[in-house]
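Here's the structure, in structure tokens; my notes come after.
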Amino acid sequence: HTIEPYERYEVVTNFTIATPEELTQTGDEYPDWVTNHYLQLPDSLPKRVRELSENITRDAQTPYDKAIAIRDYLAKFGYDRTIQAPPKDFDGVDYFLFSSKRGACTNFASAMAVMLRSISVPARLAYGYFRGELDEATGNYIIRGRNSHAWVETYFPKYGWIIFEPTPTRPQ
């Protein structure tokens, strides 16, 4: 349901304490429920998106290494919250990777998720909010639309979904 102003809610989350070394050891034997859903891509995905993903990760040995390689590649792109939508009839990820090379968190997260899926690493787009601003009078945090953010989660056997942040540091 829609949260009304001043309505309270509680967030419960689980965190993994997996180290990068542990994640490199998980392998790529994913459950069917993961591969059946989190490797899906449209048939219309431009071939060069998959080719770029393969090229970026050609020296990566594990799914974790592949995720890091793609994250690091995207870190070279510019952060821009005012980026315009791609032209009509253009694939959004293809346009971001090959034309604009700048975008907001949704561009970075979408690109990373699609790139990972294109090389058989299960990924999903996640969307939520930063903490917001503390209201000193009440001790509550005020969350506004500008606090929204998108990131990627990649599946690792034994550990589940692990967060990856593809968006480079935002301007101050």
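The values are calculated or read from the model by the stated rules, or taken from the named source; none is laboratory data. Predicted, not measured: the structure shown is a model, and the values here were computed from it. No Cβ is skipped: glycine too gets one built from the backbone with ideal geometry, and neighbour counts run over all protein chains shown. These accessible areas exclude ligands, DNA and RNA; they are computed on the full protein's heavy atoms, side chains included. Shrake-Rupley method; radii C 1.70, N 1.55, O 1.52, S 1.80 Å.
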Exercise. Just checking, how many residues over region 136-172 are open to solvent by 20 Å² or more (accessible area, probe 1.4 Å), over 24 Å from residue 27 (Cβ atoms), without any contact (Cβ under 8 Å) to a residue 60 or more places away in the chain and in contact with a Phe, Trp or Tyr (Cβ under 7 Å, 6 or more places away or on another chain)?
Worked result: 2
Exercise. Looking at 81, 58, which one is over 19 Å from residue 155 (Cβ atoms), modelled with pLDDT under 95 and among the charged types (D, E, K, R)?
Worked result: 81
Exercise. Among the residues of region 75-109 satisfying the criterion of being over 19 Å from residue 163 (Cα atoms) and hydroxyl-bearing (Ser, Thr, Tyr), which is surrounded by the most Cβ atoms within 10 Å (Cβ to Cβ)?
Worked result: 95
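Does residue 35 fit the bill of being surrounded by 10 or more Cβ atoms within 10 Å (Cβ to Cβ), in a loop (DSSP other than H, G, I, E, B), touching a residue at least 40 places away in the same chain (Cβ under 8 Å) and not hydrophobic (A, V, I, L, M, F, W, C)? Steps first, please.
Values: surrounded by 10 or more Cβ atoms within 10 Å (Cβ to Cβ): yes; in a loop (DSSP other than H, G, I, E, B): no; touching a residue at least 40 places away in the same chain (Cβ under 8 Å): yes; not hydrophobic (A, V, I, L, M, F, W, C): yes.
It is false that residue 35 is surrounded by 10 or more Cβ atoms within 10 Å (Cβ to Cβ), in a loop (DSSP other than H, G, I, E, B), touching a residue at least 40 places away in the same chain (Cβ under 8 Å) and not hydrophobic (A, V, I, L, M, F, W, C).
Taking residue 68 as the residue in question, decide whether it is open to solvent by 20 Å² or more (accessible area, probe 1.4 Å), assigned to a strand (DSSP E or B), at pLDDT 90 or above and not small (Gly, Ala, Ser). Write out each step before concluding.
Working: open to solvent by 20 Å² or more (accessible area, probe 1.4 Å): yes; assigned to a strand (DSSP E or B): no; at pLDDT 90 or above: yes; not small (Gly, Ala, Ser): yes.
Here the answer is no, as residue 68 does not meet what is asked.
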Exercise. Among the residues of region 110-121, is any more than 16 Å from the chain's Cα centre (by Cα), touching a residue at least 24 places away in the same chain (Cβ under 8 Å), on the phi < 0 side of the Ramachandran plot and surrounded by 14 or more Cβ atoms within 10 Å (Cβ to Cβ)?
Worked result: no
